[in-house]
Amino acid sequence: MKILGIETSCDETAVAVVTGDKKILSNLVFSQIAEHQDYGGVVPEIAARAHMEKITPLIRNALAESGTSFTELDGIAATAGPGLIGGLIVGVMLAKSIASSAKKPFYAINHLEGHALTARLTGEITFPFLLLLVSGGHCQILAVENVGKYKLLGKTQDDALGEAFDKTAKMLGLGYPGGPALEKLAKSGDKTRFHFPRAMKGRPGCDFSFSGIKTAINRLIKDFATLAEQDKADIAASFQQCAAEIVYDRMKNAIEIFRTAYPGANRLVIAGGVAANEYLKSALGELAAQENFELFSPPIALCTDNAAMIAWAGVEKIKAGLLPDGLDFAPRARWPLTT
Ligand code: KG4
Ligand code: ZN
């Protein structure tokens, strides 16, 4: 089985070909970072135009690299939400056109489901598993029961974790996207120098709140006449420590809830762009070891936005016996995983 995957929900134009037996035959990503950098964040109109420019050559190259023709495909899977509607329309319309002309089934993929199932593309992860999904736009804890079957255990009440990294990085003048730059800077910083609020810590349940940290950092920065490099590094390290402590605390509760609901299941998967953060992963690794859970995280290139995860979600849908989607499926800017 060979599935073509298309991802255009945010600022990466991505195309991949993945097989039913977990081979990634091609996985191309065009990052639009340079186009959005001057604005400090993703500009939807610029993103949609860049997707339009890049998507056709990327599809051609991804098929060539995988040695696959349209006729050899078993389906076309495209991210149909949630995300920026302009980009989603570009990817979905093109996927439908290919599906229609090549007479292949079309699968509308929820971007979050792509992130959620990636661990099964790169590892032998069986259902159910506990998932921490942390990206620039999403921050949720889910019990993944099966393909298309998700239970929401907790979510952020305000900013997503990646958004908190990005906003802190922006205040420190680190550019966009800030997560990777902040993690790098934090390595030379003192994580104990500043104390930011650990919102929700110690409370029951597993919801998050990160917006208070942003306010605290903003206030702190105003107290400095100028920020020296070491001050910046100390803020980065203190922020990262604070974020990791919050996630640790929330995940500890999540594990308790998950264990009660699914006795015997003991896999914790971390996915989404922030899963690239080594500091956070090591904190979660400690928690997992303490709780007798096995922590699993896909390779970094498959944690940040890509199309192999979308193609794989298509494979999973087919294997689960789910029907293709109609060519009238409308892209959805908002699309919770639990509906
Ligand atoms: O999943 P993703 O590529 O796109 C969304 O669906 O949002 O995630 C991007 C997010 C950005 O907020 C970025 O700053 C964050 O993931 N990120 C990181 C790291 N690498 C990427 N955050 C913290 N540490 C990192 N190393
Ligand atoms: Zn994503």
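The values are calculated or read from the model by the stated rules, or taken from the named source; none is laboratory data. Note that this is a predicted model, so its numbers are computed, not measured. When we count neighbours, we look across all protein chains shown, and the Cβ atoms used for this are built from the backbone with ideal geometry, even at glycine. The accessibility values were calculated without ligands, DNA or RNA, using every heavy atom of the protein model including side chains. Shrake-Rupley method; radii C 1.70, N 1.55, O 1.52, S 1.80 Å.
Taken over the stretch 217-239, the criterion of being touching a Phe, Trp or Tyr at 6+ places or on another chain (Cβ under 8 Å) and farther than 16 Å from P197 by Cβ is satisfied by D231, D234.
Return yes when S100 is of a type outside the set (A, V, I, L, M, F, W, C) and open to solvent by 30 Å² or more (accessible area, probe 1.4 Å) and no when it is not. Against the criterion (of a type outside the set (A, V, I, L, M, F, W, C) and open to solvent by 30 Å² or more (accessible area, probe 1.4 Å)), S100 qualifies. Checking every residue in the stretch 263-286 against the condition of being in the same structural domain as I141 (by TED's automatic domain parsing), over 25 Å from P299 (Cβ atoms) and in a helix (DSSP H, G or I) gives zero matches. Here E256 meets the list (1) in a helix (DSSP H, G or I); (2) within 16 Å of ligand 2 (Cβ to nearest atom) almost entirely, failing just condition (2).
The condition of being of a type in the set (A, V, I, L, M), without any contact (Cβ under 8 Å) to a residue 60 or more places away in the chain and at negative phi holds for only one of A160, A108, A164, that being A160. Taking each residue of the stretch 255-276 that is in contact (Cβ under 8 Å) with a residue 60 or more places away in the chain and looking for partners that are surrounded by fewer than 24 Cβ atoms within 10 Å (Cβ to Cβ) and of a type in the set (F, W, Y) with beta-carbon atoms closer than 6 Å, six or more apart or interchain, yields R267/F129; L268/F293; V269/F129; V269/F296.
Considering only residues in the stretch 310-339 that are open to solvent by less than 60 Å² (accessible area, probe 1.4 Å) and under 27 Å from R259 (Cα atoms), the one that is modelled with the lowest pLDDT turns out to be L337. Selection within the stretch 11-25: residues that are within 14 Å of ligand 2 (Cβ to nearest atom) and touching a Phe, Trp or Tyr at 6+ places or on another chain (Cβ under 8 Å). The member of this set that is nearest to G178 (Cα to Cα) is E12.
Apart from one condition, E245 fits all of (1) crowded, with 18+ Cβ neighbours inside 10 Å; (2) in a helix (DSSP H, G or I); the exception is (1).
Taking the conditions exactly as written (touching a Phe, Trp or Tyr at 6+ places or on another chain (Cβ under 9 Å) and at pLDDT 95 or above), does S69 satisfy them or not? No: the conditions fail for S69.
This table checks each residue for (1) in a strand (DSSP E or B); (2) more than 19 Å from S297 (Cα to Cα); (3) out of contact with any Ser or Thr (no Cβ under 7 Å at 6 or more places or on another chain); (4) more than 16 Å from ligand 2 (Cβ to nearest atom).
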{"residue": "K96", "(1), (2), (3), (4)": "no, yes, yes, yes"}
{"residue": "L117", "(1), (2), (3), (4)": "no, no, yes, no"}
{"residue": "L121", "(1), (2), (3), (4)": "no, no, yes, no"}
{"residue": "Y150", "(1), (2), (3), (4)": "yes, no, no, no"}
{"residue": "G162", "(1), (2), (3), (4)": "no, no, no, no"}
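Inside the stretch 287-309, residues that are surrounded by 13 or more Cβ atoms within 10 Å (Cβ to Cβ) and either modelled with pLDDT of 95 or more or assigned to a loop (DSSP other than H, G, I, E, B) (or both) make up a count of 16. Does any residue of the stretch 316-334 turn out to be out of contact with any Leu (no Cβ under 6 Å at 6 or more places or on another chain), outside any loop (DSSP other than H, G, I, E, B) and hydrophobic (A, V, I, L, M, F, W, C)? Yes, there is a match, as at least one residue in the stretch 316-334 is out of contact with any Leu (no Cβ under 6 Å at 6 or more places or on another chain), outside any loop (DSSP other than H, G, I, E, B) and hydrophobic (A, V, I, L, M, F, W, C).
Restricting attention to the stretch 167-179, does a residue exist that is surrounded by fewer than 17 Cβ atoms within 10 Å (Cβ to Cβ), of a type in the set (G, A, S) and within 20 Å of A288 (Cβ to Cβ)? The answer is no; no qualifying residue exists. Pick from L63, L28, L58: which is open to solvent by less than 70 Å² (accessible area, probe 1.4 Å), under 20 Å from the mean Cα position of the chain (by Cα) and in contact (Cβ under 8 Å) with a residue 24 or more places away in the chain? Exactly one of L63, L28, L58 is open to solvent by less than 70 Å² (accessible area, probe 1.4 Å), under 20 Å from the mean Cα position of the chain (by Cα) and in contact (Cβ under 8 Å) with a residue 24 or more places away in the chain, namely L28.
For every residue, the table says whether it meets (1) within 16 Å of ligand 2 (Cβ to nearest atom); (2) in contact with a Leu (Cβ under 7 Å, 6 or more places away or on another chain); (3) over 19 Å from A95 (Cα atoms).
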| position | (1), (2), (3) |
| --- | --- |
| M1 | no, no, no |
| S9 | yes, yes, no |
| N27 | yes, no, no |
| I33 | yes, no, yes |
| Y39 | no, no, yes |
| I59 | no, no, no |
| A64 | no, no, no |
| T68 | no, yes, no |
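When restricted to residues that are under 20 Å from the mean Cα position of the chain (by Cα) and either part of a loop (DSSP other than H, G, I, E, B) or not small (G, A, S) (or both), the stretch 8-25 contains 11.
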